[in-house]
Amino acid sequence: MGGGISQTASITVTGNNSSLTTSGGSFYIGYGGRGSLLITGGGAVTTAISGASSNAAIGWRPAGYQSGLNSIATVTGEGSRWDINNRLYVGYNSDSELLIAGGGRVNSVGADIGYSSATSVSLATITGQNSVWNSDGISRIGTMANGTLIIDDGATMNVTTGYATIGNNSGSIGAVNVQNGSHWNINAGHIITG
């Protein structure tokens with residue numbers, strides 16, 4: 001959604017028993033445009049991706065498309081969740097943001113916060129008790145881009161398999177802030193910096 005230069009699109013899934021399920025190819029929030037996804041009040045989104053070259057991304061800017069467009073996904077409130085059976089890119093050659101708050105939950109198979117463009121800036125924030133991001137795969141903050149992960153106010157990110165990297169590849173900037181009783185659990189046991 002949000003495909004094309006300067007185009008804007010949004011999806012909202014709100015309330016218990018409300019859901020959105022997608023299956024097949026890639027799922028982009030902002031493909032060359034500005035996109036937003038809001039999951040709130042117990043809503044649920046399931047993203048089932050198939051195909052080796054398919055991805056889930058908040059902000060995906062192909063070559064030749066306008067820069068500086070910010071896409072955002074928000075998962076907020078107890079019972080609200082986004083389940084993805086593939087990697088989640090927060091910013092693929094694009095400025096992007098992910099917010100998990102108030103008991104929201106995201107489950108993905110790996111994570112990239114800031115990918116592919118040294119001029120793009122991406123941010124993932126997990127905040128509040130019971131707010132969780134489970135990443136079942138290699139998790140990278142700043143890969144050929146600028147990426148920041150903030151875990152705040154009792155929130156948790158679990159890297160259940162694989163490892164974590166911060167500032168991966170030349171020219172990358174990666175930062176992680178874990179604060180106010182929050183937790184970053186890396187079960188594979190190692191972090192690679194620089």
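The values are calculated or read from the model by the stated rules, or taken from the named source; none is laboratory data. What you see is a predicted model; the values in this text were computed from it and never measured. Because the Cβ atoms are built from the backbone with ideal geometry, glycine has one as well, and the counts that use them run over all protein chains shown. Areas reflect the complete protein model, heavy atoms only, side chains present, ligands, DNA and RNA absent. Shrake-Rupley method; radii C 1.70, N 1.55, O 1.52, S 1.80 Å.
Which ranges mark the strands (runs of 3 or more DSSP E) fully within region 7-48 that have 2 or more residues being touching a residue at least 40 places away in the same chain (Cβ under 8 Å)?
27-31, 34-40
Which of the strands (runs of 3 or more DSSP E) contained wholly in region 150-194 include at least 1 residues that are among the small types (Gly, Ala, Ser)? Outline the logic, then answer.
Working: elements: 156-161, 164-168, 173-178, 183-186, 191-193.
Because the criterion is at least 1 residues that are among the small types (Gly, Ala, Ser), the strands (runs of 3 or more DSSP E) in region 150-194 that meet it are 164-168, 173-178.
Which one is farthest from LEU149 (Cα to Cα), of the residues in region 88-100 that are open to solvent by 10 Å² or more (accessible area, probe 1.4 Å) and at pLDDT 95 or above?
Across region 88-100, the extreme among qualifying residues is TYR89.
Determine, yes or no, whether ASP136 is surrounded by fewer than 23 Cβ atoms within 10 Å (Cβ to Cβ) and farther than 21 Å from ALA56 by Cβ.
no
Give just the number: which of (1) open to solvent by 50 Å² or more (accessible area, probe 1.4 Å); (2) at pLDDT 95 or above does LEU149 not satisfy?
For LEU149, the exception is condition (1).
Only one of (1) at pLDDT below 95; (2) surrounded by 24 or more Cβ atoms within 10 Å (Cβ to Cβ) fails for SER117. Which number is that?
Here SER117 clears every test but (2).
Which of the residues belonging to region 148-187 are of a type in the set (Phe, Trp, Tyr) and more than 15 Å from ARG105 (Cα to Cα)? Show your work before the answer.
Going through region 148-187, the residues of a type in the set (Phe, Trp, Tyr) turn out to be 163, 184.
Within region 148-187, just TYR163 meets the criteria.
Can you name the residue in region 50-63 that is surrounded by fewer than 19 Cβ atoms within 10 Å (Cβ to Cβ) and hydrophobic (A, V, I, L, M, F, W, C) and is also farthest from GLY104 (Cα to Cα) among such residues?
By that ranking, first place goes to ALA63.
Give the residues of region 71-99 that are assigned to a loop (DSSP other than H, G, I, E, B) and closer than 22 Å to GLN7 by Cβ, sorted by residue number.
Passing the criteria: ASN93, SER94.
Have a look at THR127, THR160, THR156, THR74 and point out the one that is without any contact (Cβ under 8 Å) to a residue 60 or more places away in the chain and surrounded by fewer than 19 Cβ atoms within 10 Å (Cβ to Cβ).
THR160
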